[in-house]
Amino acid sequence: MRPVWWDDDDAAVALIDQTRLPLAVSELRYHDYHDLAAAIKTMKLRGAPAIGVAAAYGVALAAVQSRAADTATLQHDIEQAIAVLAETRPTAVNLFWALGRMRQLAARLAEGSDVVAMRVGLLAEAKAIEAEDDAACRAMGVHGATLVPPHANILTHCNAGGLATTGYGTAVGVIRAAHEAGNSIHVYVGETRPLLQGARLTAWELQQAGIPMTLITDSMAAYFMARGEVDLVITGADRIAANGDAANKIGTYGLAVLAHAHNIPFYIAAPSSTIDSAIANGSHIPIEQRPPTEVTELAGTRTAPPGVTAANPAFDVTPARLITAIITEQGIFKPSFDFSAAPPQPLPAGGE
Ligand code: MRU
């Protein structure tokens, strides 16, 4: 499964429409980066790493779309596309990381190459970003599976799966890797109000992978923890500050507090592209505020009285002190989360 890819035959960015899952698996194609930006904003594609990959393809698309005949004009058109794509979702830093990487390459290619080489180079870079994310997720799986005890009951939130990345997943990647290694795990999937990424997307992915799971509402987490039925919590992240504070889907902070209260390890799995070392702590992470109708309605049907005021922050920040470890493709970082130093590597099987 690939949630986003470049269609070579059509010179278009292709997506699986996540707003229609799990009822329909349908593809969308974009030939204009403005439409792709609208699709990211309306969450036809979502999840921090996938947003980064889609934005990189958006820049490549802008380069193909542009009628520029010289590199300076093409670079200007690319800058305009970067500005539009940067306005889509504010919290996931992978978006800005990917756009920054594409911008740097465009600037380098604009000096001393031609428009054809620029277009080819930018598309190759976007494809490399996609391939690197897949490799990072699989490496996170290998590292993270070492933290999963035999027969573990795992609680996850939102969708940090293949749909949120390039097919394998971060938190769900760890779950997949544990399952693939023969560990007979079971997963509690929080439904994740208001947009139900857990119920609609993670439940669908785990079902397809044949991983035993139980769907719960968000408010059931404490009940299962108090009964000793959760051995660990693992989620993804949208932005991790230099001190380890981590923004993820609204409700994640509450789960971390609950895990702490019940002495249950709380893990985050995210690629290095999610670490924002430019910000010291989580107070600097911009939190996306989404339309109140996502709260007053369910699947387009009004559930609250007309005229009611509703708040809709899409993310919250879990303080580093509640996080047991952060798993990246480099390995397992423990408090105090020094991301500038390589984490200790696990010994090879049978090693001393
Ligand atoms: O609003 P969304 O659906 O884009 O939020 C997604 C999440 O919060 C994920 O947990 C996060 O992006 C990590 S995805 C590997």
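The values are calculated or read from the model by the stated rules, or taken from the named source; none is laboratory data. As the structure is a prediction and not an experimental result, all values here were calculated from the model. Here the Cβ positions follow ideal geometry from the backbone for every residue, glycine too, while neighbour counts run over all protein chains shown. With ligands, DNA and RNA removed, areas are computed over all heavy atoms of the protein, side chains included. Shrake-Rupley method; radii C 1.70, N 1.55, O 1.52, S 1.80 Å.
Just a few scattered comments:
- Among the conditions (1) within 16 Å of the ligand (Cβ to nearest atom); (2) on the phi < 0 side of the Ramachandran plot, Gln207 misses just one, which is (1).
- One residue stands out in the range 270-290 among those that are more than 14 Å from the ligand (Cβ to nearest atom) and in a loop (DSSP other than H, G, I, E, B): the one that is least open to solvent (accessible area, probe 1.4 Å), namely Ile279.
- Count - residues of the range 151-190 that are within 13 Å of the ligand (Cβ to nearest atom) and touching an Asp or Glu at 6+ places or on another chain (Cβ under 7 Å): 9
- The listed residue being surrounded by fewer than 19 Cβ atoms within 10 Å (Cβ to Cβ) and under 24 Å from Ala310 (Cα atoms), out of Ser184, Ser219: Ser219
- Selection from the range 46-77 of residues that are among the aliphatic types (A, V, I, L, M) and within 14 Å of Asn94 (Cα to Cα): Ala48, Ala50, Ile51, Val53, Ala54, Ala55, Ala56
- Those strands (runs of 3 or more DSSP E) of the range 1-90 in which 1 or more residues are free of Cβ contacts under 8 Å to residues at least 40 places away in the same chain and open to solvent by 10 Å² or more (accessible area, probe 1.4 Å) occupy 4-7, 27-30.
- Residues that are within 15 Å of the ligand (Cβ to nearest atom), out of contact with any Phe, Trp or Tyr (no Cβ under 7 Å at 6 or more places or on another chain) and within 18 Å of Leu95 (Cα to Cα) are absent from the range 20-34 altogether.
- The residues in the range 314-347 that are of a type in the set (Gly, Ala, Ser), open to solvent by less than 60 Å² (accessible area, probe 1.4 Å) and farther than 30 Å from Val295 by Cβ can be counted, and the count is 3.
- Which numbered condition Ala199 misses (of (1) more than 14 Å from the ligand (Cβ to nearest atom); (2) on the phi < 0 side of the Ramachandran plot; (3) open to solvent by 20 Å² or more (accessible area, probe 1.4 Å)): (1)
- If the condition is being within 14 Å of the ligand (Cβ to nearest atom) and open to solvent by 20 Å² or more (accessible area, probe 1.4 Å), then the range 240-269 contributes Ile250, Gly251, Tyr253, Gly254, Tyr267.
- Residue check, Ala299 touching a Leu at 6+ places or on another chain (Cβ under 9 Å) and open to solvent by 20 Å² or more (accessible area, probe 1.4 Å): yes
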